[in-house]
1. Under 7 Å by Cβ, and 6 or more places apart or on different chains, what pairs join a residue from the stretch B:73-90 that is within 14 Å of chain A (Cβ to nearest Cβ) with one that is of a type in the set (Phe, Trp, Tyr)?
2. Can you tell me which residue is farthest from residue B:415 (Cα to Cα) among those in the stretch B:438-471 that are open to solvent by 20 Å² or more (accessible area, probe 1.4 Å) and polar (S, T, N, Q)?
3. Looking at B:694, B:712, which one is within 23 Å of the chain's Cα centre (by Cα) and without any contact (Cβ under 8 Å) to a residue 40 or more places away in the chain?
4. Go through the stretch B:667-688 residue by residue and tally those that are touching a His at 6+ places or on another chain (Cβ under 8 Å) and closer than 24 Å to residue B:751 by Cβ.
5. Within the stretch B:442-456, is even one residue assigned to a loop (DSSP other than H, G, I, E, B) and either without any contact (Cβ under 8 Å) to a residue 24 or more places away in the chain or aliphatic (A, V, I, L, M) (or both)?
6. Tell me, yes or no, whether the stretch B:604-618 has at least one residue that is touching a Lys or Arg at 6+ places or on another chain (Cβ under 9 Å) and in a loop (DSSP other than H, G, I, E, B).
7. Could you go through the stretch B:391-400 and let me know if any residue there is part of a loop (DSSP other than H, G, I, E, B) and under 30 Å from residue A:15 (Cα atoms).
8. Among B:183, B:176, B:220, which is the only one that is buried (at least 24 other Cβ atoms within 10 Å of the Cβ) and in contact with a strand residue (DSSP E or B) (Cβ under 7 Å, 6 or more places away or on another chain)?
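The values are calculated or read from the model by the stated rules, or taken from the named source; none is laboratory data. Since the structure is predicted, the reported quantities are computational estimates derived from the model, not experimental observations. Cβ sites come from the backbone with ideal geometry, for glycine too, and all protein chains shown count toward neighbours. Heavy atoms of the whole protein, side chains included, go into the accessibility calculation; ligands, DNA and RNA do not. Shrake-Rupley method; radii C 1.70, N 1.55, O 1.52, S 1.80 Å.
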Amino acid sequence: MAIDLTVNGVRHSVDVSPDTPLLWVVRDTLKLTGTKFSCGIAQCGACTLHVDGRPVRSCSLPVSAAAGKTVTTIEGLSTDGSHPVQAAWVELDVPQCGYCQSGMIMSVVALLKRHPKPTDADIDAEITNACRCSTYHRIRQAIHLAAAKVTAAGGKI
Amino acid sequence: MSDLDISRRDFLSTAATTTGALVVGFWVPSRAEAQIIHPEGAAWAVEPGMDEVNAWVVVAPDETVTVRIAQTELGQGVWTSNAMIVADELQCDWSKVRPQYASANRDGREMAPAWTLKAPGNGAQDPNGGGEPEFGDRNRRGVTGIPDTLYRRMRTNAAASVKDGRYYLQLAGAEARERLLLAAAKMWGVPVEQVTSKNSVITHGLTGRTTTYGKVASLAAHTPHPNPENIRIKPPSEWTLMGTEQKNLDVPIKVTGKAVYGIDINLPGMKWAAIKSCPVYGGTVKIYDFERIRKEPGVISAVAFPIPNPALIRGRIFGGGVAVIADSWYQAKTAVEKMPIAWDMPPQNAVRNTANIRAELLASLDKPGKVGVNTGDCDAAFSRAAKIVEATYTVPYLPRARMEPGNATVLVGDNRVDVWLGDQSPQETRYSASQITGIPESNVYIHLCHLGGGYGRNGNGPQAEQAIYIANQNRGTPIHLLWTREEDFINTTYRSIGVARLKAALDADGWPVAMEVRTATDAEAPGTTAAFDVAARYFAPNYRFSYHSARIHVPVGTRRGVGAPAQHFYRESFMDELAHAAGKDPYLYRRELVARTNLPYKADIIRALDMAAEMSGWGKPLPKGWARAIGFEERGAETGSHATLSAMVHTVSISKDGKVRLERVDVAHDEGFGLVNPLSVKKQIEGQIVWFYNDVMHQECNVEDGHVVENNFDRFPLSRIHEDPPEINIRFFKSGHWLDGMGHDRATSIQSAVCDAVFQITGKRYRDLPLRNHDLTWA
């Protein structure tokens, strides 16, 4: 059964079983490998991407639930790292192994949409992605830096 | 499908239709090297289209400098730090440096140049020298020691990438620089003494003429060094790039999703494999019913694999299992989970559980163990003691649980093996691939990818061997094996469960006159003598250390810090208990007991304790429900060789309902003669703070009916950002030795510190981890 969805601005019709998790459609069918697999049970957030602008743990979302919707992955944020969250990540040298960072960045972009100036409490409550290298100290600083960058650029994210 | 089915036309069209995606193309195996597509974020070795200056350095006409890195980037920053070592000596433009993994295939065919084999200088305390990397045996498999093949030690372990690699990477950079200068001098017809270089620009001072590395690189490639044995390396006082804070070179590709990890490999014609392995270690497949899943979507075949030969997989016993091969991984995984499999489980393993394993280890403490140290007369001292303090501690099994589940992609051709994976020991994988397929090592190509975390050789498990085995049954088809998270927990090795009993005899003033330490772990656990061997780190005139063991079936290995984290927990916890028993300040108590030792670097340890205490405001009042605790981490404190020493004060709060918060960490850290990349070191310390907080608070794996119970991140919790301490202060101090690495046993003191804070605030002393099993409330 073909399922239509728009990924990073491109319309696709994918012929997969409707219960296939969106993650595997993105990674295997569409070959967008920036979004990662780790736990498979929506715990760690490595697979976070946006469906209609909301952060979703794509390892546990059947592709049928994304039919007709707009999906944004790390590749759709910017290809050159110019998005303010990516730029803050580079400026503060956040990643270590980097495996969780695609999902982490997508979660942070969603956070900043809801809270343009997040408090530490907002960050603690909403950033529930796991980073096994524990780069959290820099992630928190980079979130505040990204928020400042977004504000300085007129607030659009 | 045979290798020949992929025509050049298919290959090009596949590549063209997948712009922005990661598709790695190849042609027939014999010509595979030339045909592999290298996506932007790929890091594996590529044959350059130009002459190299030496095996580490290639300079392109556009001035790009490729530096070959023999260790794997798994978040520790080696990709950048090892490139910095080469570039500092090369004196090239750092902004033009592009690291690339060294070729393990070439390493198998070439020997290391003679001029890299001798460490200059006089050991670990000579700032002008190379330190003393332990050669050990020169086994070409790279299992132990440092091989004398081209890239020498390609293992990434023991926090030793800088320690062991620094001087020969400096030599490699210096040799390349000197040959580039020779080439320029030859071109100009002037004596080489008259030319200098900086930032890739070569200058002839007398005439003001300049050229660049890129312009003379091909001439340099054909200009041998007349006297490479005499190359001198820069001492830290002359470093220009090393010692400065440099951002990791792979960060830009890690924030755009372009970095290529093993899981991202996608080859034309590739099939995916998902496995079920026997949950009880040592078990094998009795029978499986492929017919039940044959018609499932995408399913192609199933292959049973045996318990990997321990001679091939680094000596560890896992279990046998079955792989299902399908068009996509999700199809393979869904099918393998539906397939009936019956196991042959060794009955003696299937009755094991946490309680009977721990009981056996505790019982082993009363049997004779191996004596590590026995100085003075402990029995006599104990009989005269004013007070005896005794405590028994336990720690659980712990996996590394890296974020990227184990995976490997393998193509076995008629006489060539290609393996794509993140790997912490490609020399070993090269050997395994050859042994399993019967294809010579010279025809094995390991295409190294970045690793989604390592934490003690997770990128060294049997994923490569399993994938090679499965692909060898499917020659001509690239097979990508990927474990589920649950399989990753079965197929990893664990930090052994451990117990320890520490006993001290105190004199009337509360100082130890005797100390006895007994530890017990799995008989195959590495690092069992850490923290206690050779000499007591805290003085006791009579000191006895013995280590004991039991044979347990759970595979154990080198999780981050190896033996040190558990043993530091025992030692530092016990020092807190002794200080409290003596009614003394735990910082000053430690300080005095270090001062009484003859440890070679005791002045550095005292300095670390003093600095951390001062930074933290030690002794200043804290709110109710808050406490500070201090601890000291060491690696190499007992010898006069490489060492890494640090002390940390951890400030902890606990709410009345038992919520623990690490509020602040003050770190005083030895930098030896100099850190290569201080930024990377800070990041490693920051990461290890939460890593060990996670250990002390949450993490454990239990065994039930012979298998590990906690096998995903629901039951095996990972600390999140709300547990990161709001304040981390790090200060470095210089010391008179080369460092022994710092990527894996820093911040171990958090374990004892949190337990002691719990004691100070709640009055409860817990000696078994993790603390989540305990009541931390107080009134």
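1. B:73/B:79
2. Here the residue is B:442.
3. Values: B:712 fails: without any contact (Cβ under 8 Å) to a residue 40 or more places away in the chain.
Answer to the check: B:694.
4. If we filter the stretch B:667-688 for residues that are touching a His at 6+ places or on another chain (Cβ under 8 Å), which is where we start, we get B:672-673, B:681, B:685-686, B:688.
This time we only want the ones that are closer than 24 Å to residue B:751 by Cβ, so: B:681, B:685-686, B:688.
Count: 4.
5. Just the residues of the stretch B:442-456 that are assigned to a loop (DSSP other than H, G, I, E, B), to begin with: B:449, B:451-456.
Restricting the remaining residues to those that are either without any contact (Cβ under 8 Å) to a residue 24 or more places away in the chain or aliphatic (A, V, I, L, M) (or both) gives B:451.
Yes, the stretch B:442-456 has at least one match.
6. Just the residues of the stretch B:604-618 that are touching a Lys or Arg at 6+ places or on another chain (Cβ under 9 Å), to begin with: B:605-606, B:609-613, B:615-618.
Right, trim to in a loop (DSSP other than H, G, I, E, B) and you get B:617-618.
Yes: the stretch B:604-618 contains one or more residues that are touching a Lys or Arg at 6+ places or on another chain (Cβ under 9 Å) and in a loop (DSSP other than H, G, I, E, B).
7. Narrowing the stretch B:391-400 to residues part of a loop (DSSP other than H, G, I, E, B): B:396, B:399-400.
With under 30 Å from residue A:15 (Cα atoms) added as a condition, the list becomes none.
No, the stretch B:391-400 has no match at all.
8. Working: B:183 fails: in contact with a strand residue (DSSP E or B) (Cβ under 7 Å, 6 or more places away or on another chain); B:220 fails: in contact with a strand residue (DSSP E or B) (Cβ under 7 Å, 6 or more places away or on another chain).
Going through B:183, B:176, B:220 in turn, just one is buried (at least 24 other Cβ atoms within 10 Å of the Cβ) and in contact with a strand residue (DSSP E or B) (Cβ under 7 Å, 6 or more places away or on another chain): B:176.
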